[in-house]
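Data first, discussion second: the structure below is written as structure tokens.
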Ligand code: SF4
Ligand code: SF4
């Protein structure tokens, strides 16, 4: 019964959503840059292996690097051109990464020149999963986990429900919103592909109530006997996080350290699902993605379809930004990361570029950090009921092991709610990132 359905979760925060600059702007394709940089590692897992040589001519959509094992993906040429070189290049992920540099043929066609049609209905779940790996699709919400791995239900688990995350709860971001308005057909085809792959009976698309036009657009395309339904959810951050969405929609708990399949669920982002629907029936690879470019520092904010590998410098020129990388954030203000250089490329995980002004940036970074006053605001904000204040106390004493063993540090998915509400300006989430990295290193040393 509709009135008994849960629409939200306990805790979380309500930051201003700042989506009005781009949420009504249709997706526009950006021109090709003269040179594209395709890092072999844009995802969680082993880097891809190049299958091209310097000087080789390739056409748009042609595979140029193959997956290196199961937890890996291939890459495809985002434009027709010539392989210029393969060398270490800077990326937004941090260390230099081996990358394929493609010189784009002047006037190259925007049409995809590679692939062939196929009937998904004739394919087995295993064939579909293998085809998803061949397409190079990863979680486009930013996590970067290979989608074919997420479609593989672990042995001993069963998935009865697929949840599609259409919340887009991060402020400023509007790519998923536009996908739900402009690519409904691809989205529905993609969700049917997912249902078949994981063997689930139903899919529920969770969408926040600040996107009622998208809810309406999708419902209008679903037949009454469809296994897919839409659930309207409250606008609250981080509504779209996997465990939160599962709790809100299904009232199921994923155990600490467990996977959604432990609760009989699989969760996918709407942009990822839509790309499955767009690419798989045509045997094509992921070569471009929609990126929201927004913020007060941009003259032409919008949702742009950008060839993967396009240097950020080129992107920013196209939207009328002439400043440095200092004010740029890849992703949203809550979970995004700052950019060290404009020479890094747009990769599969870049959902947004947020350009702040100096003033906005100063507002985000407190001038001074004060001691914890034990106000409990961070505890009340944490959506998974951790104790961020206690975790920070342990971090200050470098008791990183205790943070995990006694206070479930690894369950923290770095949503930033605790830092957002802290009146003392303590960058709690940064402490947690450092602690996790140290624990990871220690584990690797022991192994
Ligand atoms: S960053 Fe981690 S500890 Fe802080 S609110 Fe989010 S999940 Fe909780
Ligand atoms: S919100 Fe900040 S000041 Fe308040 S208890 Fe948490 S860490 Fe301490």
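A short reminder: the numbers here are calculations on the coordinates, not readings from a lab. The structure presented is a predicted model; accordingly, all values stated were derived computationally and were not measured. All Cβ positions, even for glycine, are placed from backbone atoms using ideal geometry, and neighbour counts span all protein chains on display.
Estimated at 0.36 nm per residue, the fully extended path between residue 229 and residue 402 surpasses their Cα-Cα distance by 58.0 nm. On full extension, the segment bounded by residue 300 and residue 31 gains 95.4 nm, given 0.36 nm per residue less the C-alpha separation.
Rounded to the nearest whole angstrom, the semi-axes of the ellipsoid equivalent to segment 1-101, taken from the Cα gyration tensor as √(5λ), stand at 38, 20, 15, largest first.
Shape of the chain from its Cα gyration tensor (a ≥ b ≥ c, root eigenvalues): rounded if a/c is under 1.5, otherwise prolate when a/b > b/c, or oblate? Rounded, since a/c falls under 1.5.
Projecting label points 7 angstrom from Cα along Cα→Cβ for residue 109 and residue 124 puts them 3.6 nm apart.
Sequence-distant contacts, meaning Cα pairs under 8 Å at least 6 residues apart, place the relative contact order of segment 377-446 at 35 percent. Taking 7 Å steps out from each Cα toward its Cβ at residue 219 and residue 385 produces label points 3.2 nm apart. Annotation for residue 93 and residue 51: the two label points, set 7 Å from Cα along the Cα-Cβ direction, are 2.0 nm apart. Seen from all directions on average, segment 305-447 presents a Cα convex hull projection of 10.7 nm². Considering only beta bridges that DSSP places wholly inside the chain, some 60 percent are antiparallel. Apply the a/c threshold of 1.5 to the C-alpha gyration tensor of segment 76-204 and tell me whether it is rounded, prolate or oblate. Verdict is prolate for segment 76-204. For the chain, the relative contact order comes to 19 percent (Cα pairs under 8 Å, sequence separation of at least 6). The stretch between residue 393 and residue 185 holds 69.9 nm of extra length on full extension. This uses 0.36 nm per residue minus the Cα-Cα distance.
Over the chain, DSSP H runs of length four or greater, each weighted -39,500 (n - 2.57), average out per residue to a 222 nm ellipticity of -8000 deg cm²/dmol.
Counting beta carbons within 10 Å around each of 70, 44 and listing the fewest first gives the order 70, 44.
Where a ≥ b ≥ c are the square roots of the eigenvalues of the C-alpha gyration tensor, would you call segment 45-124 rounded, which needs a/c under 1.5, or, failing that, prolate if a/b is larger than b/c, or oblate? In terms of gyration-tensor shape, oblate.
For segment 377-446, the direction-averaged projected area of the alpha-carbon convex hull comes to 4.2 nm².
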